[in-house]
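The values are calculated or read from the model by the stated rules, or taken from the named source; none is laboratory data. Keep in mind the model is a prediction, meaning the values are calculated, not measured. Ideal geometry is used to build each Cβ from the backbone, glycine not excepted, and the neighbour counts take in all protein chains shown.
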Amino acid sequence: MASDPSVFYEGGCTCRAVRYRMTSRPMFVHCCHCRWCQRETGASFALNAMIEADRVELLQGEIERIDTPSFSGRGQKISRCPTCHVALWSNYAGGGDAVRFVRVGTLDEPDRFPPDIHIFTASKQPWVVLPEGIPAVEAYYKSSEYWPQESLARRAALLARK
Ligand SMILES: [Zn+2]
Ligand SMILES: [Zn+2]
C-alpha cells in the first residue's frame with residue numbers, strides 16, 4: 001500500500017502559488033504540544049508528517065527556507081511560500097535535509113493523517129483532550145519503541161544513504 005505509485009497526497013499554501021505532493025504515506029505523524037509549536041502555529045499544537053525529502057515533490061511555485069530557532073537549540077529550516085508565507089514543512093537538525101516534517105494541515109486531505117503519537121504533552125493546553133489508544137509522552141520518545149517496522153526500515157535506509 002505504502003509503495004503504490006498511483007497514490008499521491010497533494011497540498012499547498014493558502015495563496016496557491018506553491019503546490020506539492022507526497023508520493024507515499026509518511027513514516028510517522030507527530031502531534032507536538034511543545035510551547036514552541038504552539039507559538040509557531042499560534043494554536044495548541046503542530047501536526048507534522050515525517051517523510052523522506054525525496055518523497056515530497058514540488059509541483060508548482062518555489063519555496064523559501066527560513067532559518068528559525070527551535071526547541072532543541074539547533075535550529076530548523078522552515079520552508080514557506082514566498083508570497084503568503086504559509087509554512088509547508090520543516091527540516092530539523094536531527095534528520096537534516098533528508099527528512100521533511102510536512103505540516104499536515106497544508107495537505108488537501110489532512111484528515112488522512114491523524115497523529116501516531118502525541119509528544120511534549122507536559123505543556124499541552126489543558127482543554128485539549130487526548131484520544132484513548134494513541135501513544136502520548138510527556139516529552140520525546142525512542143523511535144524504536146513506537147514506530148512500525150516498515151517506517152523504521154525506511155528511516156534506516158535514509159541513514160544508510162548519508
Ligand atoms: Zn502562498
Ligand atoms: Zn513542538
Sole miss for residue 57 among (1) surrounded by 17 or more Cβ atoms within 10 Å (Cβ to Cβ); (2) acidic (Asp, Glu); (3) in a strand (DSSP E or B) is condition (1)
Residue 70 passes all but one of the listed conditions (1) in a loop (DSSP other than H, G, I, E, B); (2) in contact with a Lys or Arg (Cβ under 9 Å, 6 or more places away or on another chain); (3) without any contact (Cβ under 8 Å) to a residue 40 or more places away in the chain; the exception is number (2)
Here the residues within region 106-142 that are out of contact with any Cys (no Cβ under 8 Å at 6 or more places or on another chain), assigned to a helix (DSSP H, G or I) and surrounded by 14 or more Cβ atoms within 10 Å (Cβ to Cβ) are 110, 121
Result of the Cβ filter at 8 Å on region 77-92, keeping first residues that are under 11 Å from residue 61 (Cβ atoms) and within 7 Å of ligand 1 (Cβ to nearest atom) and partners that are in a strand (DSSP E or B) and hydrophobic (A, V, I, L, M, F, W, C), at least 6 apart or interchain, is 81/88
Residue hits (region 76-123; out of contact with any helix residue (DSSP H, G or I) (no Cβ under 8 Å at 6 or more places or on another chain) and of a type in the set (Ser, Thr, Tyr)) are 79, 83, 90, 92, 106, 121
*Test for residue 90: is it modelled with pLDDT of 95 or more, under 25 Å from residue 24 (Cα atoms) and either surrounded by fewer than 20 Cβ atoms within 10 Å (Cβ to Cβ) or within 13 Å of ligand 2 (Cβ to nearest atom) (or both)*: yes
Filtering region 93-124 down to residues that are touching a Ser or Thr at 6+ places or on another chain (Cβ under 7 Å) and touching a residue at least 40 places away in the same chain (Cβ under 8 Å) yields 101
Considering residues that are away from ligand 2 (no atom under 13 Å from the Cβ) and under 16 Å from the mean Cα position of the chain (by Cα), the number found within region 67-80 is 4
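Restricted to region 10-35, and to residues that are assigned to a loop (DSSP other than H, G, I, E, B) and within 15 Å of ligand 1 (Cβ to nearest atom), which residue is surrounded by the most Cβ atoms within 10 Å (Cβ to Cβ)?
18
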